[in-house]
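In what follows, a structure is listed as structure tokens, so that the remarks can point back to it.
Readers should treat all values here as calculations from the given coordinates under stated rules, not as data from a laboratory. Since the structure is predicted, the reported quantities are computational estimates derived from the model, not experimental observations. Don't worry about glycine lacking a Cβ; one is built from the backbone with ideal geometry, like all the others, and counts go over all protein chains shown.
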Amino acid sequence: MKIDVPSTEPDRRRQSLPVLPHDASPLRDRHARRVTYLRVSLTDRCNYRCAYCMPAEGWGISPKADLLSESELVELVTIFIGQGVRRVRLTGGEPLVRRGVVTLVERLASLRGLDELVMTTNGHLLPEFALPLKASGLSGLNVSLDSLSAERFRRLTRGGDLDVVLSGLRAADAAGFRGTKLNAVVVRGENDDELPELCEFAWREGYLPRFIELMPIGRLDFATQAHVVGTNEMLARVRERYHLLPDGDVCGGTPRGPARYWTVGEGKWAGRRLGFISPMSDDGFCASCNRARLTSHGGFRPCLGSDDEVSLRDALRGGATREALLDLVRGAVAGKRAAHNMHDDAGTPRDAMTGIGG
Ligand code: SAM
Ligand code: SF4
């Protein structure tokens, strides 16, 4: 499945913005956090239907014209870089089903001031895309892999093909991607007994395993408390097998997004690392949040756990000046809540993870 999106000519005036150092970023909220990391949903479509992310029938299809065009995306990312954003993650939906994704990556990777352009993918199309993505300047990959059992994988993803994803990982290695992270959403009764196997697969192959707590985004029937496994329980399961030492939230010496890392202290796997992403159980999860999201429809969202957003697409298409766009962004950042409220039904986002950009 390929998605056509409108393409418009870039506005060169907006592409030559000065680049600010990230510690001078004006994208600072009332809780002294700065936005330096933008996650961009390239499309709300997907070739999988993971049970924790979508209903079985999908979310319905947005008209192509609702999506940001390639030039609009480049223009908006350029503006964010000018405001101190240093890291951009392309996600979705499945970013690789967007038509023209390689050209888009090439354009984004060449923007001055961006330290890292990375992607989160389900891996299904990596056999085809790994090499062109690497050649276009993509610096890293996170691949979702919830199970090493073909049957479980098919059930959780509602039709996903484990063998194809494993070939995608090999294609990524061959293309030169290093330090690929493998992300698993841990779901009670589905894959919560598989953490050591997923770790050892990742360590053997040179990947970094990470385990994510299930979030109730999109208010899916599947995302009930009964399916949630908290990080303490995950840790206890892993600790039955390995002696773990805390590593903090750094990866290679620099602060890295939302994960907390641990290192195996002794034995065959000594020195190997794993991470946990704990939005539901870590009370301090939001305290150091440096992230914001650009949805597939061009909405700017300062918090994944809230439907608050401003439409940069509408402003852009309405002819807004750069200053007017920045006012919208700064206003939204200033209003970023101190912490998400996903423990409360009323506080969980109604909108789909796919459009927001997981
Ligand atoms: N399609 C790509 C993929 O699956 O990697 C990128 C988009 S997906 C929405 C991004 C990440 O969000 C994936 O790692 C996925 O497992 C995670 N995710 C989706 N729904 C989730 C949920 N309800 N709770 C926690 N993580 C979720
Ligand atoms: Fe698609 Fe990723 Fe959501 Fe799974 S988690 S349905 S692969 S967007």
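A few points about this structure:
- FRET efficiency, 1/(1 + (r/R0)^6) with R0 45 Å, evaluated for T103 and D247 via beta carbons: 0.75
- Cβ-derived FRET efficiency at R0 25 Å, D193 paired with E57, nearest 0.05: 0.30
- For the chain, the longest principal axis of the C-alpha atoms and the axis of helix 162-175 are separated by about 60°.
- Space enclosed by the convex hull of the alpha-carbon atoms of segment 169-249, per residue, Å³: 131 Å³
- Per-residue ellipticity at 222 nm, computed for the chain from helices alone with -39500 (n - 2.57) per DSSP H run of at least four residues, works out to -8000 deg cm²/dmol.
- Kirkwood Rh, angstrom, segment 160-208 [1 / mean 1/r, Cα pairs]: 11.8 Å
- Contact order normalised by residue count of segment 9-356, Cα under 8 Å, 6+ apart, percent: 20 percent
- Debye intensity ratio I(q)/I(0), log10, segment 84-194, q values 0.16, 0.23 Å⁻¹ (C-alpha model): -0.72, -1.26
- FRET efficiency estimate (nearest 0.05) - Cβ-Cβ, E323 to R204, R0 56 angstrom: 0.60
- Under the simplified labelling scheme, the Q225-D345 pair shows an inter-label distance of 1.1 nm, with each label point 7 Å from Cα along Cα→Cβ.
- With both labels modelled 7 Å from their Cα along Cα-to-Cβ, the A150 to S281 distance reads 3.3 nm.
- About its Cα centre, the dipole of the chain is roughly 880 debye, where the only charges are +1 on Lys and Arg Cβ and -1 on Asp and Glu Cβ.
- Whole-angstrom gap from segment 103-131 to segment 286-351, using each part's C-alpha centre: 23 Å
- Neighbour counting of Cβ atoms within 10 Å sorts the residues H124, H297, H343, fewest neighbours leading, into H343, H297, H124.
- A simple spin-label model places pseudo-atoms 7 Å from Cα toward Cβ; at D308 and A334 they are separated by 1.2 nm.
- Cβ-defined net charge surrounding L141, 11 Å radius [Lys, Arg +1; Asp, Glu -1]: +3
- A run of the chain free of exposed loop cleavage sites, with GluC sites (Glu not before Pro) counted only in DSSP states other than H, G, I, E and B and at most 16 other beta carbons within 10 Å, reaches its longest extent at 58-239.
- Counted over the chain, the DSSP beta bridges are approximately 35% antiparallel.
- Nearest-ten-degree value, helix 70-82 long axis tilted from longest Cα axis of the chain: 90 degrees
- Over 26 Å [Cα-Cα, segment 9-356], rounded percent: 48 percent
- Net charge of Cβ neighbours under 12 Å - reference R49; Lys, Arg +1; Asp, Glu -1: +2
- Rounded to the nearest 10 degrees, the angle from helix 195-205 to the longest Cα principal axis of the chain is 70 degrees.
- Environment charge of F276, counting only residues whose C-beta is closer than 9 Å and scoring Lys/Arg +1, Asp/Glu -1: 0
- Were the residues from D173 through S110 laid out at 0.36 nm apart, the gain over their Cα-Cα distance would be 20.4 nm.
- Working note: Karplus 6.51/-1.76/1.60 with θ = phi - 60° gives segment 275-282 the couplings x, 10, 10, 10, x, 8, 10, 9 Hz, where Gly and Pro are set to x.
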